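Everything below concerns the one structure shown next.
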Amino acid sequence: MFVSISTTGTAENPASDLGFLLHKHPDKVQRFTTTHGTAHVFYPEAGEQVCTAALLLEVDPTALLRQGRGQGRSGSPDLALAQYVNDRPYAASSLLAVALRTVYRSAMKGECAHRPELPGRAMPLRIALPAVPVAGGEGPALVERLFAPLGWQVDVRSVPLDESFPEWGDSRYVRLELTGTLRLADALQHLYVLLPVLDGAKHYWVAPDEVDKLLAAGQGWLAEHPERALIIRRYLARRWSLTKIAMERLALARLAEADDREAEEIDNAVPDVPDTPDTTEAAEEVDATGSTDLTDLTGLTDRVSATATATDAERAGDAAGGRERGGPLAVQRRTAILAALARTGAARVLDLGCGQGELVGALLKEPRVTEVLGVDVSSRALSIAARRLRLDRLPERQARRVRLVQGALTYTDARLKGYDAAVLCEVIEHLDLPRLPALEYAVFGAARPASVVVTTPNVEYNARWESLPAGHRRHDDHRFEWSRAEFAAWTEQVSAAYGYRVELGPVGPVDPEVGAPTQLAHFRIVEPDPADSTTATGTTRTTHHTADTTATGAAGTPSYDSAPEGSAHR
């Protein structure tokens, strides 16, 4: 098994700098022991003009089999001889990928202590692989699709089964030569990921930590690769559960990069810990009953998730007797939302910022609702929601009614169009105020459902919770909390900008002085009057609304000027 990496240089940037990057001296032949053989590194040529580093991997198929790692594409028990006589020692596969990571670990990380400026420099590279297996019969076409989008010029030729008998056709092996001007670290990462993808098999068991390896090696290029779904699926040996995790984490990374934030910073809808005791107890109750009935499930969700969806102050208030009318505030919110949706007869509903799926479960209980799309930026929250709703065990008819997808509400999304109603339950207060106009446009301007229900805390009611210190918000992640006048001003602004009318209402016990703990706005789209669509002369009138509409700063209107930068993407 063989791979060579060549570069050219000048007197100012000699090609022999390749030795510094690879951490291998050009004047030495070095030997490294791997778990499946011996790797030799040597330089066929090393000068200022041209330098070539070669890695030769000797694989012992017998030792590989004895270690239990020979069960890839040639491990069929019906072909006992094939376990000993196969292409493992010769074809560039996952064995070579692991050897590259082992021998060139520092180069792959982009580290060079002696010449720290070198790893960041793109250099002319030529990589030659004399025998690469391509699974699935796609041959050169697949190689081109994988490497060309990464900036490589691809020279790939099929290897005939036997040159003496051309009528036999081509084998599944190709000769591959890649040329391009790239960072060496990037080139090695490409090989590490794509060689097993081409081979279609791995010589070792694919465990969950392979997701971390894939995303680390694919940082900066995998998210935008047109074949990323195929790459992830094949790299993870077609293990559906790991593929799903990798796709979710990759989507989160793309959202974070778009907003110039860390993924951990925006994936904050739920703590990075196991379920709370309440949810653990609920899961055990579901497991004990074994029920997939949605009525039972939603009732259980209502009982255990009221605490999960409430803020710290609301939980303390409920515990201290604040639920005296109507039950926990989280349940009262869902009841009010369902009542608003029932008045419009909405059948296809968006739950934007669905969190752990409490409202999704309640919506599925409604016979009127034919489809629910839950959207959240947090992959952890979506995983918990799927587990709580037992989506993997729902009957097919019920499963077709619900989907959970990852997305950021501050970006337009074609998946959100065409729905009867959308719900933003305790979501807007998790955004920094400068990002709110982006959410307004994405929901009211681009998705444009016929009805939108929004709930948010009433800051005036905070004074009624003894557990909440004066001046503190109900939750550490709340970026703002509005008074009734501020919320009303915002709803009027949105209604005027996007052609909706709005009704406001309280949720929870109403205090005569400070109002209810939660305030609800129900937006309904205003259908244009055909009589007003043209002027007297027959000219069509059109009103344009911009996505950057902001508050005016008048009394009672929230000001965006002093808000912190960034977005929680909730």
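The values are calculated or read from the model by the stated rules, or taken from the named source; none is laboratory data. Bear in mind that the values here come from a model prediction, so they are computed numbers and not experimental data. Here Cβ is always computed from backbone atoms with ideal geometry, including for glycine, and neighbour counts include all displayed protein chains. For the accessible areas, the whole protein counts, side chains as well, though only heavy atoms, and no ligand, DNA or RNA atoms are used. Shrake-Rupley method; radii C 1.70, N 1.55, O 1.52, S 1.80 Å.
Odds and ends about this structure:
- Relative packing of 337-348, 203-214, 163-174, 455-466, which averages over residues the other C-beta atoms within 10 Å, highest first: 455-466, 337-348, 203-214, 163-174
- Prolate/oblate/rounded call for region 202-251, Cα gyration tensor, a/c under 1.5 rounded: prolate
- Working note: Karplus 6.51/-1.76/1.60 with θ = phi - 60° gives region 382-387 the couplings 5, 5, 5, 4, 4, 5 Hz, where Gly and Pro are set to x.
- For region 100-150: rounded, prolate or oblate by the Cα gyration tensor [a/c cutoff 1.5]: prolate
- Based on the Stokes-Einstein relation at 37 °C and a viscosity of 0.692 mPa s, and on the Kirkwood radius from alpha carbon pairs, region 356-430 is assigned a translational diffusion coefficient of 250 µm²/s.
- Ranked by solvent-accessible area (1.4 Å probe, protein heavy atoms only, all chains present), the residues Leu161, Leu21 order from largest to smallest as Leu161, Leu21.
- Within straight-line cross-link reach of Lys244, lysines at Cα separation under 29 Å, skipping those fewer than 8 residues along the same chain: Lys109, Lys202, Lys213, Lys365, Lys417
- Once backbone amide H atoms are built at 1.01 Å from N, Arg183 has Met123 as its partners under 5 Å, excluding neighbours fewer than 5 places away on the same chain.
- Cα gyration tensor shape for region 171-219, rounded if a/c is under 1.5, else prolate or oblate: oblate
- Heavy-atom accessible area, probed at 1.4 angstrom with all protein chains present, ranks Glu12, Glu58 as Glu12, Glu58, highest first.
- ³J(HN,Hα), Karplus 6.51/-1.76/1.60, whole Hz, each residue of region 487-492, x for Gly, Pro: 5, 4, 5, 5, 5, 5
- Extension gain for Gln30 to Leu230 (0.36 nm times residue separation, less C-alpha to C-alpha distance): 68.4 nm.
- More than 23 Å apart - percent of Cα-Cα pairs taken over region 395-480: 38
- HN-Hα J in Hz across region 224-231 - Karplus 6.51, -1.76, 1.60, θ = phi - 60°, x for Gly and Pro: 9, 6, x, 10, 4, 5, 5, 4
- Restricted to Cα atoms, region 440-505 shows a radius of gyration and a Dmax of 14.3, 42 angstrom.
- Interatomic Cα distance distribution for region 97-212, bins of 10 angstrom, percent: 12, 38, 32, 14, 3, 0
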